[in-house]
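Chemist: Encoded as structure tokens, here's the structure I'll be asking about.
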Amino acid sequence: MGLSSEKKGGGMNVTRRDFFKITGTSAAGAAILGLGLNLKPIKSHAQTLKLRFAKETTSICCYCAVGCGVICSTGESGAGKIINIEGDPDHPVNEGSLCAKGAALSQLVNNDRRLTTPLYRAPYSDKWQKVSWDWALSTIAKRVKKSRDASFEHKNAKGQVVNRTNGIASVGSAALDNEECWMIQALMRSLGLVYIEHQARI
Amino acid sequence: MTNHWIDIRNSDCILIMGSNPAENHPVSFKWVTEAMKRGGKLLSVDPRFTRTSSKADFYTALRSGTDIAFLGGMIKYILDNHKYFKEYVAEYTNAAFLVTDSYDFKDGLFSGYDPDKKEYDKSQWAFSKDANGVSKRDRTLQDPRCVFQLIKKHYSRYDLETVSSITGTPREDLQKVYKMYSATGRQGKAGTIMYAMGWTQHTVGVQNIRTMAIIQLLLGNMGVAGGGVNALRGESNVQGSTDHCILYHIWPGYLKTPNASLQTLAAYNEKFTPKTNDPLSANWWGNYPKYSVSLLKSFFGSKATKANDFGYDWLPKLEDGKTYSWLDLFDAMYRGQFTGFFSWGQNPAASGANANKTRVGLAKLDWMVNVNIFDNETGSFWKGPGMDPKKIRTEVFMLPCATSVEKEGSITNSGRWMQWRYKAANPPAQAWPDGQILMKLGEELQYLYKEKEKEVYPDPIVNLKWDYATHGEFDSHKMAKEINGYFLRDISVKGKHFKKGDLVPSFAYLQADGSTSSANWLYCNSYTNKGNMAARRKKEKSGIGLNLGWAWCWPVNRRIIYNRASVDKYGKPWDKEHPVIAWDPNAKGGKGGWVGDVPDGGWPPMLNADGTPNPKTKYPFIMKPEGHAHVFGPGRADGPFSEHYEPIECPVNKNPFSNQLVSPVAVIYSTNMDIYKSCDPKYPFVGSTYRVCEHWQTGVMTRWQPWLLEAEPQLFVEMSKELGKLKGINNGDKVVVESARGKVEAVAVVTIRLRPFQVQGSTVHQVGLPYHYGWVYPKDGGDSANLLTPSAGDPNTRIPETKAFMVNVKKG
């Protein structure tokens, strides 16, 4: 049986999911025997298509902190469009199950209301305008520098060295990866920020 | 969580109080169900009958904000009826410690209270020391000044009648919960608690949790399988973001942010490195300088040298005695202190207490950077309700970011499991991963500060080690390895030789001399020369569900922390059916060793097989300077024991336990937008906020999805049939919910899930609303429930009191 799908991060052992793939339609069919109306041929055909022609990548759900495993199926070309996200049956916490939000994950990713370009709102303006990343980041850096330099406090009233910035604050985020979280606090602390907070406080 | 999700199945009794995991952490409930299949009991205590309650063996209600009274009654029941696990209490907790005579408690106040400063002098709550400087102990628990006797006295006032009169919970229901839960005090039995914001979001939030921690210690439920204190964390990586300390008061790995009075690294390390004179205490925080220096080496790389205090001066110092928390931050913003503001993946205009104050504050900024997947109430505040864009000067940069499946990196779940996520797809159009935005912004800033000669103190910015890109793209593996840490030169530690560039195998090898880096000592062991531990996928086939080969767990892959308390003094598990660790005298070639979970330190058990004390042992609670769990907690801002106080806004004017109606050290603010109203006929009903399964937090990610929005399209307010009748409100009516700070329109859900409470002879009604909505989208979906909530906070954490406040409800 041709297994074109690739699951990154998988162990060497044959997992329950691999077992279904290897045994194919017969196992999937057996699972729904005894339901009366037999929908087996259509369901198992769709399942086979996804398993044979999609690339699979494991991830962890982005909502609550149960940390359910999910499998993302993308088109064969690799990092293409998400065609399905489902619970990872090999994951020991969720064993394939997901809540309503997790089950709808593909609608979070494939959503035509997402922000797709940097936007800028000028002072006193009533609208957004599209801007480039280059312009946005260089302008933000200039604003940061101006605010920081204007509010930088090298020593406090007692003459103690404090090297802090009182004019900028930052919040967020528990929605980011660990590696990004470390970077946020490092960059903000290097600028001298002391008002550094996020969701954990609320 | 001290334990983890799968471990809940090992529990004999699960208390879920003020939380609703069947709805908000649905997959966790799989393990609650599994425990019940194995004979475990489920208790649900909540003002509202929830989906969790519907599955419980027993449900009862309490009025929001009265958890300490409820649980204080349980402590009294446990002590009166000898339900505590005596050996565990006497040997592993500080119940045997003697407290100095300066500690006292009278009429709702602990000794040391300064009414002018609204602060306690905590030095009055100290332990008595012997000539060697070790705390005096009475393991028989008889001495009148021992913690055990003090706790008995303190909670003796929490009798059933008084507790019932203030919580509104019937006496027989209290007794039923106390009896069922305290049955886990027997050896071999385990009870666990699942809690979340229902406990934290109060002006007594920390003490709510401490009361339960005391119960868990009295019953011997800490460190054992099926036990622990288990917070249901609500964001996928709020554990990790807290571990990495995007918080004003801590540096990565829960190191302390320095105050201005600590002018040198030596003074800083001296202040925060605890000492013990007890040879049997591991005092793990004694390693503090190794972790702080390794962190500074990760911050500044080769620029951090011994000669420059490893760059200690470059990092900002807090003003002594000043706080910079969320509530303080938005108070300062409202007062116009900031010109600039970053909001990364967060929506404070809807998520913070007293959201109107936040929204007004945003208009006082010169600029704001808002990074998100979707438009939101924060980024677009300038066109929100009551705002006139022509009068608002704030420049806003709204930056589009990737979703979690469009980048690679790790997150840490509630059970402290660090799990790796691979990239499945590219982000759409111009959306970037946050890591890439941070990387590029940092590079841009370094360029600006390097450009000219005399910039304002450029040192920390230009010296920041910022090399986490590969071919111009943020590389999460590089960052993950730095978080683990490297050997920076060839050295030998503990008899092992390491080369420069080796990844440090665990934090036991970190050094205070600059020869190692580790951006977070707690995560040292997560990415080693053996590879990326967070990406492991080996499932456990048998056992108690530890899954030691799946992903990675801090610290050092230990799945149940405090696990040395799961065994007796000989190293034998209290619970033979669910052993977490056990001492095997034949292990390690006859030298003896622990089997099972990664133990809380490898020292041998307290007693040898012949019953003689083993001088090489350590007490089980290794993070405490004296090695014993804190039944008496002298480090808290509001007292070493808990005490019932009313919420800042409450429906009663008398506290039956004392003349202190509210916490004497609760945090409140004083601008014209900080208004608090108790016992005001204009706001007669208790309000609370919560969540539904189909939406997440302020709904920024879920309101835009058709399936989820169809299931839960708009703001609603739940109320009892009795209250509906009183106010002439029918199910489905449009109503207005109003507090002293704001109002929202909502659809009324008139239900038997809420019932009026009988409190001190009067009827008290409570209503509840989810906080997932906002004006940006969907149209007519309603606005944030946080427009109602007060900017009042806990004195330890400064978490806002959004679970108990006063409102009115009327037909819209």
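The values are calculated or read from the model by the stated rules, or taken from the named source; none is laboratory data. None of the values given here were measured: they were computed from a predicted structure. Positions of Cβ are generated from backbone atoms using ideal geometry, with glycine treated the same way; all protein chains shown enter the neighbour counts.
Chemist: Of these, B:P579, B:P555, which one is in contact with a strand residue (DSSP E or B) (Cβ under 6 Å, 6 or more places away or on another chain), surrounded by fewer than 21 Cβ atoms within 10 Å (Cβ to Cβ) and more than 10 Å from chain A (Cβ to nearest Cβ)?
Modeler: Exactly one residue qualifies, and that residue is B:P579.
Chemist: Only one of these is touching a Gly at 6+ places or on another chain (Cβ under 7 Å) and either free of Cβ contacts under 8 Å to residues at least 60 places away in the same chain or closer than 23 Å to B:S111 by Cβ (or both): B:P664, B:P647, B:P640. Name it. Walk me through it before giving the result.
Modeler: Values: B:P664 fails: touching a Gly at 6+ places or on another chain (Cβ under 7 Å); B:P647 fails: either free of Cβ contacts under 8 Å to residues at least 60 places away in the same chain or closer than 23 Å to B:S111 by Cβ (or both).
Among B:P664, B:P647, B:P640, only B:P640 is touching a Gly at 6+ places or on another chain (Cβ under 7 Å) and either free of Cβ contacts under 8 Å to residues at least 60 places away in the same chain or closer than 23 Å to B:S111 by Cβ (or both).
Chemist: Something else: Quick one: in segment B:324-353, which of the residues that are among the small types (G, A, S) and not in a helix (DSSP H, G or I) is farthest from A:E197 (Cα to Cα)?
Modeler: Taking the candidates together, the pick is B:G336.
Chemist: Right, here's the next one. Could you figure out which of (1) out of contact with any strand residue (DSSP E or B) (no Cβ under 8 Å at 6 or more places or on another chain); (2) on the phi > 0 side of the Ramachandran plot isn't true of B:G782?
Modeler: (1)
Chemist: A further question on this structure: Could you please find all residues in segment B:531-571 being without any contact (Cβ under 8 Å) to a residue 24 or more places away in the chain and either aromatic (F, W, Y) or assigned to a loop (DSSP other than H, G, I, E, B) (or both)?
Modeler: Residues satisfying the conditions are B:R536, B:K538, B:K539, B:E540, B:K541, B:S542, B:G543, B:G549.
Chemist: Across segment A:84-136, what is the total count of residues that are of a type in the set (S, T, Y), touching a strand residue (DSSP E or B) at 6+ places or on another chain (Cβ under 7 Å) and at the interface with chain B (Cβ under 7 Å from one of its Cβ atoms)? So that I can check it myself, show each step before the final result.
Modeler: Of all residues in segment A:84-136, those of a type in the set (S, T, Y) come to A:97, A:106, A:116-117, A:120, A:124-125, A:132.
After this cut, where a residue has to be touching a strand residue (DSSP E or B) at 6+ places or on another chain (Cβ under 7 Å) as well, the list is A:97, A:106, A:116-117, A:120.
With at the interface with chain B (Cβ under 7 Å from one of its Cβ atoms) added as a condition, the list becomes A:97, A:116-117, A:120.
Going through segment A:84-136 one residue at a time, the tally reaches 4.
Chemist: Additional query: So, restricting to helices (runs of 4 or more DSSP H) that lie completely within segment B:1-61, which ones have at least 1 residues that are more than 22 Å from B:T200 (Cα to Cα)?
Modeler: Once the helices (runs of 4 or more DSSP H) in segment B:1-61 are filtered for at least 1 residues that are more than 22 Å from B:T200 (Cα to Cα), what remains is B:29-37, B:51-54.
Chemist: Now, a different point. Among residues belonging to segment B:433-491 that are β-branched (V, I, T) and closer than 18 Å to B:N532 by Cβ, point out the one that is nearest to the other protein chains (Cβ to nearest Cβ).
Modeler: This residue is B:I483.
Chemist: Suppose we keep only residues that are surrounded by fewer than 20 Cβ atoms within 10 Å (Cβ to Cβ), outside any helix (DSSP H, G or I) and not aliphatic (A, V, I, L, M) within segment B:720-737. Which one would you say is farthest from the chain's Cα centre (by Cα)?
Modeler: Per the stated criteria, the residue is B:G728.
Chemist: Would you pick out the residues in segment B:106-151 that are touching a residue at least 60 places away in the same chain (Cβ under 8 Å), closer than 24 Å to B:K76 by Cβ and surrounded by fewer than 17 Cβ atoms within 10 Å (Cβ to Cβ)?
Modeler: Result: B:D107, single match.
Chemist: Determine if segment B:481-493 includes at least one residue that is closer than 16 Å to A:E179 by Cα and among the charged types (D, E, K, R).
Modeler: Checked against the condition, which is being closer than 16 Å to A:E179 by Cα and among the charged types (D, E, K, R), segment B:481-493 yields at least one hit.
Chemist: Among the residues in segment B:791-803, are any at positive phi and assigned to a loop (DSSP other than H, G, I, E, B)? Give the steps one after another, and end with the answer.
Modeler: So in segment B:791-803, the residues at positive phi come out as B:798.
Filter once more, keeping what is assigned to a loop (DSSP other than H, G, I, E, B): B:798.
Scanning segment B:791-803, I find at least one residue that is at positive phi and assigned to a loop (DSSP other than H, G, I, E, B), so the answer is yes.
Chemist: Let me spell it out: the conditions are (1) farther than 22 Å from B:I250 by Cα; (2) more than 11 Å from chain A (Cβ to nearest Cβ); (3) in a loop (DSSP other than H, G, I, E, B), and B:R359 meets all of them except one. Which number is the exception?
Modeler: All conditions are met except number (3).
Chemist: Step by step: first the residues of segment B:504-551, then only those that are under 27 Å from B:A225 (Cβ atoms) and of a type in the set (K, R), then the one that is surrounded by the fewest Cβ atoms within 10 Å (Cβ to Cβ). Which residue is that?
Modeler: B:K541
Chemist: Now a separate question. If you go through segment B:120-137 one residue at a time, do you hit one that is among the basic types (K, R), under 23 Å from B:P279 (Cβ atoms) and assigned to a loop (DSSP other than H, G, I, E, B)? If you could, list the steps in order and put the result at the bottom.
Modeler: Within segment B:120-137, the subset among the basic types (K, R) is B:122, B:129, B:136-137.
Imposing the further condition that a residue be under 23 Å from B:P279 (Cβ atoms) reduces the set to B:129, B:136-137.
Keeping just the survivors that are assigned to a loop (DSSP other than H, G, I, E, B) gives B:136.
Looking through segment B:120-137, at least one residue is among the basic types (K, R), under 23 Å from B:P279 (Cβ atoms) and assigned to a loop (DSSP other than H, G, I, E, B).
Chemist: Which count do you get for residues in segment A:57-74 that are closer than 26 Å to B:E23 by Cβ and either more than 7 Å from chain B (Cβ to nearest Cβ) or among the aromatic types (F, W, Y) (or both)?
Modeler: Going through segment A:57-74 one residue at a time, the tally reaches 4.
Chemist: Please enumerate the residues belonging to segment A:170-202 that are small (G, A, S) and within 20 Å of B:L448 (Cα to Cα). Walk me through how you get there before you give the answer.
Modeler: The first filter runs over segment A:170-202 and keeps only residues small (G, A, S), leaving A:170, A:172-175, A:186, A:190, A:192, A:200.
A:A186, A:S190, A:G192 - these are the residues of segment A:170-202 that are small (G, A, S) and within 20 Å of B:L448 (Cα to Cα).
Chemist: OK, next. Name the residue, out of B:E801, B:E712, that is among the acidic types (D, E), buried (at least 24 other Cβ atoms within 10 Å of the Cβ) and in contact (Cβ under 8 Å) with a residue 40 or more places away in the chain. Outline the logic, then answer.
Modeler: Details: B:E712 fails: buried (at least 24 other Cβ atoms within 10 Å of the Cβ).
Just a single option satisfies the conditions, and that option is B:E801.
Chemist: Out of the residues in segment B:592-605 that are in contact with a Pro (Cβ under 7 Å, 6 or more places away or on another chain) and in a loop (DSSP other than H, G, I, E, B), which is surrounded by the most Cβ atoms within 10 Å (Cβ to Cβ)?
Modeler: B:D600
Chemist: Identify, please: which residue in segment B:615-668 is in contact with a strand residue (DSSP E or B) (Cβ under 7 Å, 6 or more places away or on another chain), under 21 Å from B:Y158 (Cα atoms) and aromatic (F, W, Y) and is, among those, surrounded by the fewest Cβ atoms within 10 Å (Cβ to Cβ)?
Modeler: Here the residue is B:F632.
Chemist: Oh, and also: Can you name the condition, by its number, that B:K450 falls short on among (1) out of contact with any Gly (no Cβ under 7 Å at 6 or more places or on another chain); (2) more than 30 Å from B:N230 (Cβ to Cβ); (3) at pLDDT 95 or above; (4) not in a loop (DSSP other than H, G, I, E, B)?
Modeler: Of everything listed in (1) out of contact with any Gly (no Cβ under 7 Å at 6 or more places or on another chain); (2) more than 30 Å from B:N230 (Cβ to Cβ); (3) at pLDDT 95 or above; (4) not in a loop (DSSP other than H, G, I, E, B), B:K450 misses just condition (3).
Chemist: Please go through segment B:489-509 and pick out each residue that is closer than 13 Å to B:T528 by Cβ and of a type in the set (A, V, I, L, M).
Modeler: B:L503, B:V504, B:A508, listed by residue number.
Chemist: Taking B:A307, is it over 25 Å from the mean Cα position of the chain (by Cα), more than 10 Å from chain A (Cβ to nearest Cβ), part of a loop (DSSP other than H, G, I, E, B) and within 30 Å of B:K500 (Cβ to Cβ)?
Modeler: Yes; evaluated as a whole, the condition is true for this residue.
Chemist: Quick check, is B:Q337 within 11 Å of chain A (Cβ to nearest Cβ), of a type in the set (S, T, N, Q) and more than 25 Å from the chain's Cα centre (by Cα)?
Modeler: So B:Q337 fits the description; yes.
Chemist: So which residues in segment A:154-181 are free of Cβ contacts under 8 Å to residues at least 24 places away in the same chain, of a type in the set (A, V, I, L, M) and facing chain B (nearest Cβ under 7 Å), if there are any at all? First the steps, then the outcome.
Modeler: Kept after step one, since they are free of Cβ contacts under 8 Å to residues at least 24 places away in the same chain, are these residues of segment A:154-181: A:154-162, A:167, A:176-181.
Subset that is of a type in the set (A, V, I, L, M): A:157, A:161-162, A:176.
Matches in segment A:154-181: A:V161, A:V162, A:L176.
Chemist: Can I ask one more? Looking only at residues that are part of a loop (DSSP other than H, G, I, E, B) and more than 7 Å from every other protein chain (Cβ to nearest Cβ) in segment B:367-381, which one is farthest from A:V171 (Cα to Cα)?
Modeler: Step by step, filter segment B:367-381, then rank; the result is B:S380.
Chemist: Among the residues in segment B:382-402, are any buried (at least 24 other Cβ atoms within 10 Å of the Cβ), assigned to a strand (DSSP E or B) and more than 7 Å from chain A (Cβ to nearest Cβ)?
Modeler: Checked segment B:382-402: at least one residue is buried (at least 24 other Cβ atoms within 10 Å of the Cβ), assigned to a strand (DSSP E or B) and more than 7 Å from chain A (Cβ to nearest Cβ).
Chemist: Whether any residue in segment B:12-22 is polar (S, T, N, Q) and within 14 Å of chain A (Cβ to nearest Cβ) is what I want to check.
Modeler: yes
Chemist: Shifting gears a bit: Looking only at segment B:25-60, which residues are surrounded by 19 or more Cβ atoms within 10 Å (Cβ to Cβ), under 27 Å from B:M719 (Cβ atoms) and in contact with a Leu (Cβ under 7 Å, 6 or more places away or on another chain)?
Modeler: Scanning segment B:25-60 gives B:H25, B:L43, B:V45, B:P47, B:R48, B:A56.
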